[in-house]
Amino acid sequence: MPKQRKMIGILTSQVEYIYQQQLLTGIETVALKYQYDVVVFSTFTKEYAKEVYQTGEINIFNMIQYHLLDGILIIPDTLRNPGLVSKLEQKIKEHFTGPVLSIDWELSDFESVCYPDEASMELLVSHLINTHGYRNFAIMTGPKEHQHAMRRLRGCLKALEKYKIPIVNDYIFYGDFWYKMGESVVDTILHSNHARPDVIVCASDTMAINVCSELQKHGIKVPNDIAVTGYDSILEGILHNPTITSTELKNEQLGIKAMLTLINRMEGLDLPTETEDTAKLLLGDSCGCHPSKKVLETADLKVSDYDHLTDFYSNYNYMMEELISSEDLMDCLSKVSWYVFQIGNFDSFYISLCENWDSVSFNQNNAQPYLIDGYTETMKLYLEKDQEAFCHHDKTFSTSIMLPALWEKRENPCLYYFVPLHFYDRCFGYATLGYHNRVATYDRCFRDWIRNINTALENLRVKNNLKWTNKQLGNLAEVDNLTKLYNRNGFCIYSQEFIEQAIVQRKKLLVILGDLDDLKKINDTYGHLEGDNAIKVCAKALLSSGIPFSKCFRFGGDEFILLALGDHEDNNISMASHQIKNYLDHYNQTSNKPYTVSLSLGTWFGQVTKDFGIDQAIQLADNDMFKIKHSDKSNKRKKKKKKKEKKLNQE
């Protein structure tokens, strides 16, 4: 498919988090400057979600068409689902031949650009030594296998070595970068035979907050008794009491460097990639400093970021209730279109669903009850929306192009975020959020907004399947399983409708009664499977009558009825009977069966009234059939007698 410009693919998760937003801002700034389209494939969860839910999330990476991309950036530390990075590495090696760059994580098969954590942590520890005179340190880094954790630990140890300050090995702790392990660290320190540390240096703000909380539970004041520092400067650390001394990471600069490096590899250029990426200190109360102006300004700025979310998380937001009350998919998408104002200033939004996304009847034809891995070969674009107009349709497109909008003619480059639509591990499709010629990322409001849509689709899927199931149950009650004609129960329902319509519309009722000849003989001689075959052939013969607006019924074991309304001519009725007979004659001539399938037919055509209903009409049709049967048998006897007499005369 022809491209207007080259396309960069980014594999990540949790775009709504500050680390990812900063990286993407740097990447997108350079991409737009050099006229590249950017497509971001992202999940909303990282590693702590239920496995069944995470399966639905990471399925978004199965939609990537690597042959359409010109360069790939992968951010492995955000893709913490077990084994996911290895699977993505393997897929990239199998399906992509262009340049690949790993951001902030070293991979064995691809080039990487990493943040200078060692230098940044060395800067922080040097501040603690030179400004506060701390000499007794404890260090809480992340997991041993985590590259960021080890880089930050090396930075701490390098600073201590530089100033010839020893550290007790028992005071080097491996945490989880989260709020869970501060209790055990503090408990170990308080019960240690070693002198208490002057400061606990944590490799993330979340761990620093947890350590502060645990120290305060034991009556230990921060920083008067023990100082605590963090790393990465998150909002929670800035708003914490005491304010966490931390580092302002230059993640945006890292994104710029990564994108410039990728361009050099793609184009064979030598663009300068060196940036000012060493962290700056954000001094707070927790180390013994007073919060710097920068910390206070950052707090004000980040708190203001949440103002636009208040509408979404308000008690007066009825999006979920509106969506789950939808009668059908179009009704649901119309409501989604109205609520798009909640996701902020975007340029385009799309919902693409798999064929048979709701799995109605899917489980009847597949061993797997629903779609889990990958997407259908074709997708349906059901919703296309911008800030001024929206379009509902079910335009089908090949999954191999990912999204039709990628290939539309545009003057400027665009950014597209692809996120999964699913309920637990059940795949529905994907949504796409577009920004045209500007740097932008979505926030946590969009994450929860999409989850509302996922829940609404699941609710609608259940409704659709219940409707389908009820219809199947209705069919079982009304339809003969062998012939697929209406059964006797169906006859009781629809014959009454025929009578009522005939009376109200003053139309005549046509009844054609059919009786399969010699069914018992076929069953006894050739078996019940052949008997069933004869019954099905008669059903098809009745359906071939050519009578418009008719319904056919299997009234009993070998009895059939056709009902129709209208002003039929006698010759039309006769032609219908002949058509049925002709169908059977053709079958008997071509089937090579050892028996003949034939129907005795009787007809009645006339006006019904309240006093002359369906039972009387059937009785008259039955009388007609009896006369024809009797006449046919008499004719057969006469023919047989003449044949015998002719033979005797010849002798």
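The values are calculated or read from the model by the stated rules, or taken from the named source; none is laboratory data. Note that the structure is predicted; figures quoted are calculated from it, not measured. Note: ideal-geometry Cβ built from the backbone for every residue, glycine included; neighbour counts use all protein chains shown. In case anyone asks, the SASA skips ligands and DNA or RNA and just uses the protein heavy atoms, side chains included. Shrake-Rupley method; radii C 1.70, N 1.55, O 1.52, S 1.80 Å.
Computed quantities for the displayed model
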{"quantity": "Qualifying residue in the stretch 405-428 (condition: under 22 Å from residue 29 (Cα atoms), among the aromatic types (Phe, Trp, Tyr) and open to solvent by 40 Å² or more (accessible area, probe 1.4 Å))", "calculated": "yes"}
{"quantity": "Qualifying residue in the stretch 198-218 (condition: hydrophobic (A, V, I, L, M, F, W, C), modelled with pLDDT of 95 or more, touching a Lys or Arg at 6+ places or on another chain (Cβ under 6 Å) and surrounded by 13 or more Cβ atoms within 10 Å (Cβ to Cβ))", "calculated": "yes"}
{"quantity": "Residue 195, sole failed condition from (1) among the small types (Gly, Ala, Ser); (2) closer than 25 Å to residue 166 by Cβ; (3) open to solvent by less than 30 Å² (accessible area, probe 1.4 Å)", "calculated": "(3)"}
{"quantity": "Residue 134 being touching an Asp or Glu at 6+ places or on another chain (Cβ under 8 Å), aromatic (Phe, Trp, Tyr), open to solvent by 20 Å² or more (accessible area, probe 1.4 Å) and under 21 Å from residue 202 (Cβ atoms)", "calculated": "yes"}
{"quantity": "Top-ranked residue in the stretch 554-590 [being in contact with a Lys or Arg (Cβ under 8 Å, 6 or more places away or on another chain) and under 19 Å from residue 508 (Cβ atoms); ranked as surrounded by the fewest Cβ atoms within 10 Å (Cβ to Cβ)]", "calculated": "567"}
{"quantity": "Failed condition for residue 537, given (1) within 21 Å of residue 600 (Cα to Cα); (2) under 43 Å from the mean Cα position of the chain (by Cα); (3) buried (at least 17 other Cβ atoms within 10 Å of the Cβ); (4) not small (Gly, Ala, Ser)", "calculated": "(2)"}
{"quantity": "Some residue of the stretch 475-497 being more than 30 Å from residue 360 (Cα to Cα) and of a type in the set (Gly, Ala, Ser)", "calculated": "yes"}
{"quantity": "Scan of the stretch 191-204 for residues that are outside any strand (DSSP E or B) and either of a type in the set (Lys, Arg) or touching a Leu at 6+ places or on another chain (Cβ under 9 Å) (or both), ordered by number", "calculated": "196, 198, 203"}
{"quantity": "Qualifying positions in the stretch 170-182 - open to solvent by 40 Å² or more (accessible area, probe 1.4 Å), modelled with pLDDT of 95 or more and not in a strand (DSSP E or B)", "calculated": "170"}
{"quantity": "Filter result for residue 521 (part of a helix (DSSP H, G or I), out of contact with any Leu (no Cβ under 9 Å at 6 or more places or on another chain) and surrounded by fewer than 20 Cβ atoms within 10 Å (Cβ to Cβ))", "calculated": "yes"}
{"quantity": "Members of the stretch 92-131 found to be outside any loop (DSSP other than H, G, I, E, B), farther than 16 Å from residue 203 by Cα and without any contact (Cβ under 8 Å) to a residue 40 or more places away in the chain, listed by number", "calculated": "92, 93, 94, 95, 100, 102, 112, 129, 130"}
{"quantity": "Residue match in the stretch 505-518 (condition: exposed (fewer than 14 other Cβ atoms within 10 Å of the Cβ) and part of a helix (DSSP H, G or I))", "calculated": "yes"}
{"quantity": "Selection from the stretch 132-169 of residues that are charged (D, E, K, R), in a helix (DSSP H, G or I) and under 21 Å from residue 104 (Cβ atoms)", "calculated": "151, 152, 154, 158"}
{"quantity": "The stretch 376-428: number of residues that are assigned to a loop (DSSP other than H, G, I, E, B) and either touching a strand residue (DSSP E or B) at 6+ places or on another chain (Cβ under 6 Å) or not small (Gly, Ala, Ser) (or both)", "calculated": "15"}
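Residue-by-condition table, conditions (1) open to solvent by 10 Å² or more (accessible area, probe 1.4 Å); (2) of a type in the set (A, V, I, L, M); (3) farther than 30 Å from residue 206 by Cα:
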site	(1), (2), (3)
16	yes, no, no
28	no, no, no
35	yes, no, yes
43	no, no, no
60	no, yes, no
73	no, yes, no
76	no, no, no
88	no, yes, no
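One line per residue, one yes/no per condition, for (1) at pLDDT 90 or above; (2) in a helix (DSSP H, G or I):
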| position | (1), (2) |
| --- | --- |
| 237 | yes, yes |
| 243 | yes, no |
| 261 | yes, yes |
| 269 | yes, no |
| 278 | no, no |
| 298 | no, yes |
